[in-house]
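K.L.:
Handing you this structure, nothing more for now.
The values are calculated or read from the model by the stated rules, or taken from the named source; none is laboratory data. Computed from a predicted structure; not experimentally measured. So basically every Cβ, Gly included, is an ideal-geometry build from the backbone, and we count neighbours across all protein chains shown.
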Amino acid sequence: MAFLDFETSVTELEGRIADLRGLASGGQVNIADEVSRLQTKVNRMLMQIYAHLTPWQRVQVARHPARPHASDYITALCQDFVPLAGDRLFADDPAIIGGIARLNGQSVVVMGQEKGKDTDTRVKHNFGMAKPEGYRKAQRLMHLAERFGLPIVTFVDTAGAYPGIDAEERGQAEAIAKSIETCLRVGVPVVATIIGEGGSGGAIAIAAADRVFMLEHAVYSVISPEGCASILWRSAQQAEEAASALRMTAQDLLAFGVIDRIIPEPLGGAHRNAQAAIKTVGDTVSRALDELRGKPPEVLRSDRRNKFLAMGRKLAA
């Protein structure tokens, strides 16, 4: 387990627990009581720490390398997943993965940004930062879902769209805008969950949904704290201050009406119990799909439109 800076008080205790368990596995030493006592202390400390996280600390939790990624959610929650590749215009973008699957027995189109888990996969998936072909692939999958009347489920986890010259040359801004428009226009239910980072238009491109959920320690913002600090203070060193100013936590965004619900995470964050976090997300998404099932396309489009228009009016007020 990789420990975050603010978890140093927990590190030593968990190291002791690991050592004790190692001793027990090598003989007949009974250390159950001591392990239980230390684990109770660890849980108490984690509860105290995670109840008072700063926005910058939540950014660190959202970026934790062991946090479950889109591929983990798709693998655990979906059956008969058939991946679909390519935008039929230029290339396939591994930063966005998606395809057809069954979620609790219901056929869906599922997609998400994939960051990768080690150096090789992170490079392969471009750290979850999609290029225009990624967003055009997302559009293709959404149109496919509408053609066959399948709900759309998305998992958002990106620092933002790829800002490279090649992406700009191929129309990055247009691809993102068109993807947002497609989200708003499709006549099937759309359910999005921010599972880690929701950065800029690269996130909202697949998150303009009927229901937008957000994990408790995820973040969602128009720009990353480092990017904001570089613009406002000419230094990424002010990222912590920028994180507070951006109001990017799930708690802030629920109060603003930007998201519909906060999904609680296991004690110490989703990275400490990925299986439990994924199950909670799956249950929440399934309930939302049940609520939206049977709504006529024109009602879905109208409700989705009114949802985002009302959000703008609320924020302006």
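K.L.:
Could you check region 187-235 and list, in sequence order, the residues that are in a loop (DSSP other than H, G, I, E, B) and closer than 21 Å to GLY268 by Cβ?
P.N.:
Those that are in a loop (DSSP other than H, G, I, E, B) and closer than 21 Å to GLY268 by Cβ: GLU216, HIS217, ALA218.
K.L.:
Does region 225-233 contain any residue that is modelled with pLDDT under 95, at negative phi, surrounded by 22 or more Cβ atoms within 10 Å (Cβ to Cβ) and within 18 Å of the chain's Cα centre (by Cα)?
P.N.:
yes
K.L.:
Across region 116-158, what is the total count of residues that are surrounded by fewer than 24 Cβ atoms within 10 Å (Cβ to Cβ), in contact (Cβ under 8 Å) with a residue 60 or more places away in the chain and closer than 14 Å to ALA70 by Cα?
P.N.:
Residues in region 116-158 being surrounded by fewer than 24 Cβ atoms within 10 Å (Cβ to Cβ), in contact (Cβ under 8 Å) with a residue 60 or more places away in the chain and closer than 14 Å to ALA70 by Cα: 1 in total.
K.L.:
Working only within region 237-267, note down all residues that are more than 17 Å from the chain's Cα centre (by Cα) and either in a helix (DSSP H, G or I) or surrounded by 17 or more Cβ atoms within 10 Å (Cβ to Cβ) (or both).
P.N.:
Correct list: GLN237, GLN238, ALA239, GLU240, GLU241, ALA242, ALA243, SER244, ALA245, LEU246, ALA255, PHE256.
K.L.:
Filter region 50-104 down to the residues that are of a type in the set (Ser, Thr, Tyr) and out of contact with any strand residue (DSSP E or B) (no Cβ under 8 Å at 6 or more places or on another chain), then identify the one that is modelled with the lowest pLDDT.
P.N.:
If we take residues in region 50-104 being of a type in the set (Ser, Thr, Tyr) and out of contact with any strand residue (DSSP E or B) (no Cβ under 8 Å at 6 or more places or on another chain), then TYR50 is modelled with the lowest pLDDT.
K.L.:
Follow-up. Of all residues in region 268-298, which are assigned to a loop (DSSP other than H, G, I, E, B) and either crowded, with 19+ Cβ neighbours inside 10 Å or in the same structural domain as MET45 (by TED's automatic domain parsing) (or both)?
P.N.:
GLY268, GLY269
K.L.:
When region 169-186 is examined, which residues are found to be among the small types (Gly, Ala, Ser) and assigned to a loop (DSSP other than H, G, I, E, B)?
P.N.:
GLY171
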